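Colleague: Take this structure first; my questions come after.
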Amino acid sequence: MRFGVLTGGGDSAGINDFLYFLAQRLYREGHNLIGFENSWEGLILNKARELDHNQLEAQRFTPGTLLGTARRNPIKEGKTNDVLATLEDRGVDVLIAMGGDDTLGVANELAKQGLTVIGVPQTIDDDLRGTERSLGYATAVKMSADAVNATVNSNIAHDRDMIVEAMGRDAGWLALAIAINTPACAVMVPEGRMDLDEMIEAMQNYKRRTGKAALAVVAEGIELESFDRSTAARDAFGNIAYEGVSHGVAAEYKKATGRSPRVQVLGYLMRGGTPVPADVELAAGFANKAVDLALAGRTGEMVGLAGKEIKSQPLADVIGVKKTIPADVLSEKLKLLAL
Ligand code: F6P
């Protein structure tokens, strides 16, 4: 059989390992594999390449995606026919689409049109339903926590409070995990629970009690009255470019306390680094399961982690609504932050 693969949305560490495992399995069993360049753009423009085994091997344990990525939406652009023509032209029997909610939303539409499409969850945001983990999240947390823990001593030495901004869009998983893996005394996430006043109070209490500069983490997707997003750019899927809210938080903090904090926007650092073993294992499990499903003639499903197993669910059941932090999980974690 002839397989095609694309990697969409924001990239993360672990994608290149997934491509390697996918090729390993398929080549071992006598199938073909081509990679579409820049996510759905490769299918709109018919740009694809053979995935060479040696190149895949050489790019293991590197971040990014060797296929490239782009935020294009063939459905919204009215280019579905181009996608279908490309698949026909390339003789692709099975399409493996890796990415987050946007990428998999398009995959679901194509499956509805009768194509064999299998989805694979990959997003540092870890906001996809139907899987306990998305590929890339574990490495993003490790990279971020290492960066903050490497910086915080300088803040303490200079007595500058630190406000760290984490990606994650409308889900606070990344920000919360960074807070738990660093000496943060406060965290603001889109799911709520700690508002700006509470965050400022927690930081002041920390400084008073320990004598040390305080660290707080804010998720990029929080709402802040003084931070206007009405004119912010949007991508092809309608997502707002969120970056920058931490500067608004810092301004409010300074107004309230007279102390001038340092802002650290983690940004693309969160997508970098060597994939941690948990992500490499996930990449391997997802690759195997995606091939199993396709060879069994299944379509319109997404592989996902359920406990210790890799299972699958219909794409239609998991896309469209994001997995955010449940209130009880958030409350429990907030009790554990530095005092
Ligand atoms: O969805 C992954 C993500 O990293 C989000 O956390 C972030 O808001 C977004 O991508 C940034 O996208 P871009 O790379 O297009 O600026």
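The values are calculated or read from the model by the stated rules, or taken from the named source; none is laboratory data. This one's a predicted model, so the numbers in the text were calculated from it and none came from an experiment. Every residue, glycine as well, gets a Cβ built from its backbone with ideal geometry; the counts of neighbours run over all protein chains shown. SASA here: full protein model, heavy atoms, side chains in, ligands and nucleic acids out. Shrake-Rupley method; radii C 1.70, N 1.55, O 1.52, S 1.80 Å.
Colleague: Compute the separation of the alpha-carbon centres of the range 219-239 and the range 77-142 and state it in Å as a whole number.
Modeller: Centre-to-centre distance over Cα atoms comes out at 25 Å.
Colleague: On C-alpha positions alone, give me the angle between the axis of helix 80-90 and the longest principal axis of the chain, in degrees, nearest 10.
Modeller: 50
Colleague: Can you give the translational diffusion coefficient of the chain in µm²/s, computed by Stokes-Einstein from the Kirkwood radius over Cα pairs at 37 °C and 0.692 mPa s?
Modeller: Values: Rh = 20.8 Å.
Rounded, D is 158 µm²/s.
Colleague: Of His53, His31, His247, which has the most accessible area and how do the rest follow, probe 1.4 Å?
Modeller: Values: His53 60, His31 30, His247 105 Å².
Sorted by accessible area, descending: His247, His53, His31.
Colleague: While we're on this one: Rounded to the nearest 500 deg cm²/dmol, what is the calculated helix-only ellipticity per residue at 222 nm for the chain, with -39500 (n - 2.57) per DSSP H run of length n ≥ 4?
Modeller: Details: 12 runs with 137 residues, N = 339.
Rounded to the nearest 500, it is -12500 deg cm²/dmol.
Colleague: Ignoring ligands, DNA and RNA, how do Glu41, Glu109, Glu132, Glu165 rank by accessible area with a 1.4 Å probe, largest first? List each step's numbers first, then the result.
Modeller: On the way: Glu41 40, Glu109 65, Glu132 100, Glu165 5 Å².
Result of the area sort, largest leading: Glu132, Glu109, Glu41, Glu165.
Colleague: Next question, about the same structure. Can you tell me which of 55-61, 170-176 comes out highest on packing, and rank the rest after it, using the mean Cβ neighbours within 10 Å? Present the calculation step by step, with values, prior to reporting the outcome.
Modeller: Values: 55-61: 15.1, 170-176: 25.6.
Per-residue Cβ counts within 10 Å, averaged per peptide and sorted highest first, yield 170-176, 55-61.
Colleague: Now, a different point. Given the pairs Lys212/Lys335; Lys79/Lys112; Lys47/Lys308, which span a C-alpha to C-alpha distance of over 27 angstrom in this model? Mind showing how you got there, number by number?
Modeller: Working: Lys212/Lys335 20 Å; Lys79/Lys112 16 Å; Lys47/Lys308 37 Å.
Check vs 27 Å cut-off fails for Lys47/Lys308.
Colleague: Could you do me a favour and compute the accessible area per residue for the range 141-272, 1.4 Å probe, result in Å²? Provide the component values of the computation, followed by the final result.
Modeller: Details: 6010 Å² over 132 residues.
Per residue, the range 141-272 has 46 Å² of solvent-accessible surface.
Colleague: Turning to a different aspect of this structure: Give me the percent of accessible area attributable to carbon and sulfur for the range 141-272, probe 1.4 angstrom. The partial results should precede the final answer.
Modeller: Numbers: 2790 of 6010 Å².
Answer for the range 141-272: carbon and sulfur cover 46 percent of the accessible area.
Colleague: Provide the packing ranking of 249-257, 198-206, i.e. peptides ordered by the mean count of other C-beta atoms within 10 Å per residue, highest first.
Modeller: Values: 249-257: 17.2, 198-206: 19.1.
Descending packing order for the listed peptides: 198-206, 249-257.
Colleague: When only C-alpha pairs under 8 Å and at least 6 residues apart count, what is the relative contact order of the range 141-272, in percent?
Modeller: Working: 230 pairs, mean separation 43.8, N = 132.
Rounded, it is 33 percent for the range 141-272.
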